[in-house]
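Trainee: One structure, pasted below without further comment.
The values are calculated or read from the model by the stated rules, or taken from the named source; none is laboratory data. All figures in this text were calculated on a predicted structure; none of them were measured in a lab. Every residue, glycine as well, gets a Cβ built from its backbone with ideal geometry; the counts of neighbours run over all protein chains shown. We work out accessible area using only protein heavy atoms, side chains counted, and drop any ligands, DNA or RNA first. Shrake-Rupley method; radii C 1.70, N 1.55, O 1.52, S 1.80 Å.
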Amino acid sequence: MRSKGLVWLMVVVLLVSTAAPAAAATGDKIVRTKVGLDGLKVVEYACRLLGCTVLFAIDTPPGETGHSSLFLVRGLVDGVLTLLLSLLGLASIEPDAPVRLTETMAYDSDQASAAVVNELYRREPMDYYGTTAWQGYLEQPASAIVGVRDAHCTFGLTGRGVVAVIDTGVDTEHPTLAPFLVRGWDFTRGVAVGGETAGVGQASAAVVNDVQWVNGSTAAAVDQASAAVVNDPDREAYGHGTMVAGVVHLVAPTARIMPLRAFGDDGQGHTSDVLRAVYYAVHHGAKVLNMSFSRPSSSPELKRAIDYATQRGVIAVASAGNDGRSAAVYPAALGNVMGIASTGNDDRRSWFSNYGTPNVWMAAPGEGVITTYPGGTFAATWGTSFSAPFVAGAAALLVDLQPSASNSQVSSAVARAKRLTWDLNYGRLDLHQAILAGRSLWPYAPTQAPPEPCYSSGADWTAAQ
């Protein structure tokens, strides 16, 4: 029987090599090996026969050893027969498709823009749970709309656990964020930390420090002299991850943030790096995943990775996209991911926001959101990318209430939102109602005293010395 199987394998290899001479590799492939096999040996043996190259394991974090069954492979031709792959011990193959960040969007009126710019000019440094931040960031309308101070001062919840931000990285030296960052990884360069400023040279870094606001055509709209730097298409997403992290910190200031860089400064990434980031987050103790990116089609391996995460108690949040239509994008459309749409300060759906099922679980503010920006400064930004971290921060607040909270429990709690229109499903995030729902889920969770000082009103903010 063994010799017969070998003969069949040789026949199939011969058929592939002679019947499809024009077959060519069309990009890297994500390859899964069959259960119970030594994955690395299997995929290396297959590549010796098929002329491909194993680049790295996806489901084992960098620098660590362990049993892997998912790999990125280069040079595997599309014409290889499924029968041959099965005989070689391979279970599935999918293209390493590109993934894009959910782009920032432009403001929709001069009046709205002027109001946001006025907030950005409120730059007096204020104490905020151990760090300093601009007054405009702390007192912005979005914070009041979702009830950030109520969560902190009425319920005594300021966040717990680790929120993994899968994005362009985070400015690890930003004074508002630095004390709350944990070690991450840069999957685009293969180095630790996951910082964002490495992508910008010294000359341009100084220029973007003068940021004024963010719009849809560039990562940052700055003064006229600086515009040439950030208008570079290779850097149009620069700052995206730092801005996302700043929203998480605004809502859950004592939660930890894990920067995982899976996207370049141009906003482009690949499914394989997103998968590596998800597995890294789970293996390194993240409790919440913030995914402000999307791809137009489903990925079996992305679904499998998120299933792996949520089955281990991780809470998954993603942006619903900025196409202004009802269309599925992934991972937001997956059943165990909370897809987040954008609303304005008037509690209406943002004109750019995707809507409807299966994309949208609920909504959160996403217009003129003031947040951290590389270089120790602050910016304002538009888009569902920045609605999602409001809900990721809400998840961290609920983890503060119940550290073992599951993805389904947190999803149920935040669904106690302010009802708006049908196309936003459960409505706009309301932290007061979400925490009350959490208390009903976990009635024995200890009551927490508000922190001191507790920033319950504008008069209670204290200027940093």
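Trainee: Sort 53, 377, 82 by accessible area with a 1.4 Å probe, largest first.
Mentor: So, going from the largest accessible area down, we get 82, 53, 377.
Trainee: Pairs of Cα atoms under 8 Å, at least six residues apart: use those to get the relative contact order of region 273-403, whole percent.
Mentor: It comes to 23 percent, rounded to a whole number.
Trainee: A follow-up question, please. Under the 0.36 nm per residue contour assumption, what length would be gained going from the current alpha-carbon distance of residue 94 and residue 77 to full extension?
Mentor: Details: separation 17, 0.36 × 17 = 6.12 nm, distance 1.19 nm.
Gain on extension, residue 94 to residue 77, equals 4.9 nm.
Trainee: Measure out, as a whole number of angstrom, how far apart the alpha-carbon centroids of region 278-305 and region 149-167 sit.
Mentor: Going from one Cα centre to the other spans 21 Å.
Trainee: Next question, about the same structure. Of 432, 67, 270, 152, which has the most accessible area with a 1.4 Å probe, and how do the rest follow in descending order?
Mentor: Greatest to least solvent exposure: 67, 270, 432, 152.
Trainee: Non-local amide H neighbours of residue 99 (under 5 Å, H modeled in plane, Pro and chain starts lacking H): which ones?
Mentor: Here the answer is 269, 270, 271, since their amide H atoms fall under 5 Å of that of residue 99.
Trainee: Enumerate the calculated ³J(HN,Hα) couplings along region 422-438 in order (Karplus 6.51 cos²θ - 1.76 cosθ + 1.60, θ = phi - 60°), each rounded to whole Hz, writing x wherever the residue is Gly or Pro.
Mentor: Computed from phi, the couplings for region 422-438 are 4, 6, 10, 6, 6, x, 8, 3, 9, 5, 4, 5, 5, 6, 4, 5, x Hz.
Trainee: Round to the nearest 10 and report in Å² the accessible area of residue 32, as given by a 1.4 Å probe over the protein chains' heavy atoms.
Mentor: Approximately 20 Å² for this residue.
Trainee: Sticking with this one: Might you work out the accessible area of residue 145 for me, using a 1.4 Å probe with all protein chains in place, and round it to the nearest 10 Å²?
Mentor: Accessible surface of residue 145 is approximately 40 Å².
Trainee: In addition: Which whole-number percentage describes the relative contact order of region 240-315, with Cα contacts under 8 Å and a sequence gap of 6 or more?
Mentor: Contact order relative to length: 28 percent.
Trainee: In what sequence, highest mean first, do 132-138, 238-244, 60-66 appear when ranked by Cβ atoms within 10 angstrom?
Mentor: Order by mean packing, descending: 238-244, 132-138, 60-66.
Trainee: Would you mind checking which residues have amide H under 5 Å from residue 315's amide H? H placed 1.01 Å from N; only 5 or more apart, or other chain.
Mentor: 288, 289
Trainee: So what J values fall out for region 143-157 if you push phi through Karplus, 6.51 cos²θ - 1.76 cosθ + 1.60 with θ = phi - 60°, rounded to Hz, Gly and Pro as x?
Mentor: Each residue of region 143-157 in turn: 4, 5, 4, 8, x, 4, 5, 4, 4, 6, 9, 8, 9, x, 10 Hz.
Trainee: Something else now. Kindly write out, for region 327-333 in residue order, the coupling ³J(HN,Hα) from the Karplus curve 6.51 cos²θ - 1.76 cosθ + 1.60 (θ = phi - 60°), rounded to whole Hz, with x marking Gly and Pro.
Mentor: 8, 6, 10, 10, x, 4, 7
Trainee: Let me ask something else. Quick check: pseudo-label points 7 Å beyond the Cα along Cα→Cβ at residue 40 and residue 55, how many nm apart are they?
Mentor: Calculated label separation equals 1.9 nm.
Trainee: Still on this structure, please answer the following. Quote to one decimal, in nm, the extra length available between residue 304 and residue 436 on full extension: 0.36 nm per residue of separation minus the C-alpha distance between them.
Mentor: Contour length minus the Cα-Cα distance gives 44.3 nm.
Trainee: Let me ask something additional. Can you give the FRET efficiency to the nearest 0.05 for residue 311 and residue 121, using r as the Cβ-Cβ distance and R₀ = 35 Å? Spell out each step's value before the answer.
Mentor: Working: r = 47 Å, r/R0 = 1.34.
So, using R0 = 35 Å, E works out to roughly 0.15.
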